[in-house]
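Taking it in order: structure first as structure tokens, then the write-up.
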Amino acid sequence: EDQIEDEIFEILNLIKEIYEVFNFKEYIVNLSTKPENSMGDPKVWEKAEKSLENALKRSKLKYELKRGEGAFYGPKIDFDVKDALGRPWQLSTIQLDFQMPERFDLTYEGTDGKKHRPVIIHRAIIGSFERFIGVLIEHFAGKFPLWLAPVQVVLMTVTERSLKFAREVYDELKNNNLRIELDDRNESIGKKVRDAQVNKIPLAITIGDKETDNKTLAVRTLDGKVRFGVKVDEFFRETLDKVNKRSG
């Protein structure tokens, strides 16, 4: 029991780190205490609730107290994350369990040489995987950052003459683990660009006669900005660096 606070503190730090990676900035932390119908010694409950509260304060997390809404077997901390429409969804949860160690008669030998009853911590960092993916899609409104996007780059050919060079670029980027598609449809470049924007693909590369002759790329980002004359190696290094740093 004397390790509860430190263990909870470490789990809270892990959750904060994960949320930072996925850009979850708006979330609500709830501390739920002993319900009316509960099991276990009230004194242990009181100590456990204090440990959770102290860990939250150490983590400098603002939280809301939900009296009487804990599980029957122990108090808990829940994280509700807001999606793109501001709706809260529960993802992470940390629960203390005094009953399972009792039921399974679990013991450990303490520093005093005596047998003690451990406390079990149930933790779900992202909760249900299906719910997490749903919240993630809603959170980004489908506009995923470069490192997370299902399709990171789309190559768009302007003419049939561009196709050979486009396929060379496609193979090079694909072989270096970028998630890439080749749009060589017999459509106008305007339509291809619009489709890439609608599908929220972070980087759209146009390859026309000029790019084919110069062995360069025209790179368009989702905000409509275009860079011309980008070398293939330069594009690859910049893109891979952003993906690895999760900065794009």
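Below is a table of values for the structure above.
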item	result
Positive-pole candidate from Asn186, Ser128, Leu173, dipole of the range 108-247, charges at beta carbon	Ser128
Total charge dipole magnitude, the range 168-216, about the Cα centre, Cβ charges on Lys, Arg, Asp, Glu only, Debye to nearest 20	300 debye
Solvent-accessible area per residue for the chain (1.4 angstrom probe, square angstrom)	58 Å²
Two-site FRET efficiency, Arg131 against Asp213, from Cβ-Cβ distance with R₀ of 41 Å, rounded to 0.05	0.20
Accessible surface, 1.4 Å probe, highest first, among residues Arg237, Arg117	Arg237, Arg117
Intensity falloff of the range 107-248 expressed as log10 I(q)/I(0), Debye formula with alpha-carbon point scatterers, at q = 0.13, 0.17, 0.19 Å⁻¹	-0.62, -0.94, -1.10
With all protein chains modelled, accessible area of Leu85 [1.4 Å, Å²]	130 Å²
Given charges at beta-carbon only (K, R positive; D, E negative), |dipole| of the range 24-119 in Debye	340 debye
For Asp6, solvent-accessible area (1.4 Å; no DNA, RNA or ligand), Å²	80 Å²
Under 24 Å from Lys43, Cα to Cα: lysines that are on another chain or at least 8 residues apart	Lys34, Lys57, Lys66, Lys76, Lys114, Lys115
Charge-dipole axis of the chain as Lys and Arg at +1 and Asp and Glu at -1 on Cβ define it, positive-most pick from Gln90, Thr221, Tyr73	Thr221
For the chain, share of DSSP beta bridges that run antiparallel, in % to the nearest 5	70 percent
Within the accessible area of the range 93-248 (1.4 Å probe), percent carbon and sulfur	50 percent
GluC sites (Glu not before Pro) within the range 136-190, DSSP loop, no more than 16 other Cβ atoms inside 10 Å	Glu187
Shape call, the range 101-151: gyration tensor on alpha carbons, a/c limit 1.5	prolate
At R0 = 41 Å, FRET efficiency that the Cβ-Cβ distance of Leu65 and Asp112 yields, to 0.05	0.75
Using alpha-carbon coordinates, inclination of helix 129-140 to the longest axis of the chain, degrees	50 degrees
Beta bridges per DSSP with both ends in the range 91-229, % antiparallel, nearest 5	60 percent
Nearest-ten-degree value, helix 163-175 long axis tilted from longest Cα axis of the chain	20 degrees
Heavy-atom SASA rank of Val44, Val230 (probe 1.4 Å, accessible area, largest first)	Val44, Val230
The chain: angle of helix 232-245 to the longest principal axis, Cα-based, in degrees nearest 10	10 degrees
Cβ charges +1 (Lys, Arg) and -1 (Asp, Glu), total dipole of the chain, debye	800 debye
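The values are calculated or read from the model by the stated rules, or taken from the named source; none is laboratory data. Keep in mind that what you see is a predicted model, and the values were worked out from it rather than measured. Here the Cβ is made from the backbone with ideal geometry for all residues, glycine too, and neighbour counts use every protein chain on show. Note: accessible area is taken over every heavy atom of the protein model, side chains too, but ligands, DNA and RNA are not part of it. Shrake-Rupley method; radii C 1.70, N 1.55, O 1.52, S 1.80 Å.
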